[in-house]
Amino acid sequence: MAHASHAVTQDVMLPPADAETGAGVYTSKLGMWMFLLSEVMFFTALIGSYLILRFSKPDAWAAPGQVLNIPVTAVNTFILICSSVTMVKAYAAAADGNQKGLKLWLVATVLIGATFVGVQVYEYIHLIEKHFTPSAGLYGSTFYTMTGFHGFHVSMGVICMMFVTMRAFQGKYTQADHRGVEVIGLYWHFVDLVWILLFTIVYLI
Amino acid sequence: MEQAHKSHPNYIAVFIGLAVLTVIELGVAFLPWHKSILILLLVFLAMWKALMVALYFMHLKFETKRLRIMVAAPLPLAVILVVAVIQEFR
């Protein structure tokens, strides 16, 4: 009886063996990847719908640069790429046990991410002033739907990053355990990756 | 952490690569070439940039094979989704 009770305790309390962890990575990272894979399908639905509409009604779209401001958005694309670099530098600093670097790069990522959202809002204001609104036909509705959903993702990323930055200042991330930084980093880079595709599809083509 | 990163990839080199590809994209977008060639070139450049972000910034290049297979799994599904819907609208 005592033996049986011990066996139950062992089963419940011991962490799973390496072979039982999903895909050989820790749970929160696996969870984030699962979420990102669902996001792949979400953005595929948006981009796919856009392509179908675009190629079935090509006349509804203006030539690249005629309505949308490509130079401003190119700078904003560069800004988002910069934020991916600062994010990955924050991760590297955490992995190296460099607390000062971790905080510095996380603050930089929050600021640069917020700048991206600010430039997008500036772009929207100017487009709406030029009467390019979400109700301005297929072009307007698809443009605001795609860039709007992306902007929402970036905004949520900035909020989550602020939380992670706050925890970094509290010394919650160590060289041995900085999972939170890696997981938010995965989300952030995914958002950057989606923008790389959107910039080409929405602005340049 | 299940792995200790003693050395990191050269993130600045990846950043420079992404910046250079973005400038090339801007140049290509305004070339007086046939639209379908431009689209092919621009999509290729965008995919190249996206792959660099996934491999180096998201560390997919250094992840386990199982995770990489899992990440690749929805990509054919995404293509099937778009191709199937396009057939409906033809």
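Bear in mind these aren't lab numbers, they're just calculated from the coordinates by the rules spelled out. Just so it is clear, the structure is predicted and the values come from calculations on it, not from any experiment. Note: ideal-geometry Cβ built from the backbone for every residue, glycine included; neighbour counts use all protein chains shown.
Structure data summary
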quantity	calculated
Spherically averaged projected area in nm², based on the convex hull that wraps the Cα atoms of region A:72-129	3.5
Förster radius 22 Å - calculated FRET efficiency between B:TRP48 and A:SER49 (Cβ-Cβ, nearest 0.05)	0.35
Cβ neighbours within 10 Å from other chains - mean over A:158-164	0
Between helix A:27-56 and chain A: long-axis angle, C-alpha atoms, 0 to 90°, nearest 10	20
Dmax and Rg, reported as Rg then Dmax, of region A:61-178 (C-alpha, Å)	17.6, 53
Inverse of mean 1/r across different Cα pairs in the protein assembly as shown, Kirkwood, Å	20.8
Tilt relative to chain A, helix A:179-198 - C-alpha long axis, 0 to 90 degrees, to 10	20
Farthest positive-ward along the protein assembly as shown dipole, Cα basis, beta-carbon charges - from A:PHE35, B:ALA84, A:ILE196	A:ILE196
Computed over region B:1-58, Cα set: Rg, Dmax in Å	15.2, 51
Contour excess over end-to-end distance, with Cα ends at B:ALA13 and B:LEU75 and 0.36 nm allotted per residue	19.6 nm
Net charge dipole size for chain A [Lys, Arg +1 and Asp, Glu -1 on Cβ; Debye, nearest 20]	400
Spin-label proximity, B:LEU55 to region B:8-29 - amide N less than 14 Å from point 7 Å beyond Cα toward beta carbon	B:9-11, B:13-15, B:17-18
Shielding by partners - mean other protein chain Cβ count within 10 Å, residues of B:15-27	4
Dipole of region A:23-145, positive end: most advanced residue of A:ALA90, A:SER56, A:ASN76 [Cβ charges, Cα centre]	A:ALA90
Helix A:137-169 axis, angle to chain A major axis (alpha carbon atoms, nearest 10°)	30
Under-5 Å amide H pairs with B:THR64, H placed in peptide plane, nonlocal only	none
